[in-house]
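Below: one structure, written as structure tokens.
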Amino acid sequence: RRGFTMLLRLAIHPPWSPKQFKGECHFFNGTERVRLLVRFFYNQEEFVRFDSDVGEYRAVTELGRPIAEHLNSQKDSLERRRAEVDTVCRHNYGGVESFTVQRRVHPEVTVYPSKTQPLQHHNLLVCSVSGFYPGSIEVKWFRNGQEEKAGVVSTGLIQNGDWTFQTLVMLETVPRSGEVYTCQVEHPSVTSPLTVEWRARSESAQSKMLSGVGGFVLGLLFLGAGLFIYFRNQKGEEPLVPTGNTFSSSLRNRFGGQARWLTPVIPALWEAEAGGS
């Protein structure tokens, strides 16, 4: 069964008042294994800690040696500290599990070259993966279907400050026309790897592509203008009103001479029908 580690920083009261202390609950595979660390600092340097895996205080520096000995001699206090694995860590686990352990946020992946320059020149392809949670993620580069391991550099995990992460994984390469570069991302929020491709194109190929896109956009503009004029003219036309001379005049405008025989007939039929109703 796949395991994970979650870190909680808790306000565990120390037996005296050091400059700084920090309580940490480390969870492995849920609450199957829990480790409590209580760390004490002076001038930003840790000097003594309690480790539940050891069951007592241990000195980290010489400054902490007499303090660790004193704390370990306080049997009642030491037993309470050992019990905090259950009373603090496991007790608080349920309150944060739904937001931290079960939470999944899908990553957004984009690929782009760091510099715009001709092919067959050294370049850096960037795979930007952002907005994901949890932080466990695997990013790989492929060239024409083969994994690239040399020349891959990463920024590591960057915290966004909103319970999501981002990372940049870059590939140093010399792109050649026709090559296909793929960034593959595996993350707990997706059932199958995410892949984004970047195709190396020559300047002529890029120019043809841009010309095609430009022609397509221009065609859409002309189509839109034509539809606008058509519907505007349709709105401006005189509607057919089935009354007397106005109706006859409208028919003449639409049908010319072919409407002569309709002129006396249709108003009469209309009036007869109206009278019958």
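The values are calculated or read from the model by the stated rules, or taken from the named source; none is laboratory data. Here the structure is a predicted model, which is why all the values come from computation and not from measurement. With ideal geometry, Cβ positions are generated from the backbone for all residues, glycine too; neighbour counts draw on all protein chains shown.
Just for helices (runs of 4 or more DSSP H) wholly inside segment 40-140: which have at least 1 residues that are closer than 26 Å to Ser189 by Cβ?
91-96
Looking only at segment 113-134, how many residues end up being surrounded by 13 or more Cβ atoms within 10 Å (Cβ to Cβ) and not hydrophobic (A, V, I, L, M, F, W, C)?
7
Within the group Val85, Val101, Val96, which residue is under 30 Å from Arg58 (Cβ atoms) and over 26 Å from the mean Cα position of the chain (by Cα)?
Just a single option satisfies the conditions, and that option is Val85.
Quick one: how many residues across segment 56-68 are exposed (fewer than 13 other Cβ atoms within 10 Å of the Cβ) and either closer than 17 Å to Arg90 by Cα or touching a residue at least 12 places away in the same chain (Cβ under 8 Å) (or both)?
Residues that pass the stated criteria total 1.
Which residues, taken from segment 170-187, are in a loop (DSSP other than H, G, I, E, B) and either at pLDDT 95 or above or of a type in the set (A, V, I, L, M, F, W, C) (or both)?
Within segment 170-187, Val174, His187 meet the criteria.
Among the residues of segment 188-201 satisfying the criterion of being part of a loop (DSSP other than H, G, I, E, B) and within 24 Å of Thr116 (Cα to Cα), which is modelled with the lowest pLDDT?
Per the stated criteria, the residue is Arg201.
Can you name every residue in segment 146-169 that is assigned to a loop (DSSP other than H, G, I, E, B), within 27 Å of Gln102 (Cα to Cα), in contact with a strand residue (DSSP E or B) (Cβ under 9 Å, 6 or more places away or on another chain) and not charged (D, E, K, R)?
Matches in segment 146-169: Thr155, Gly156, Leu157, Asn160, Trp163, Thr164.
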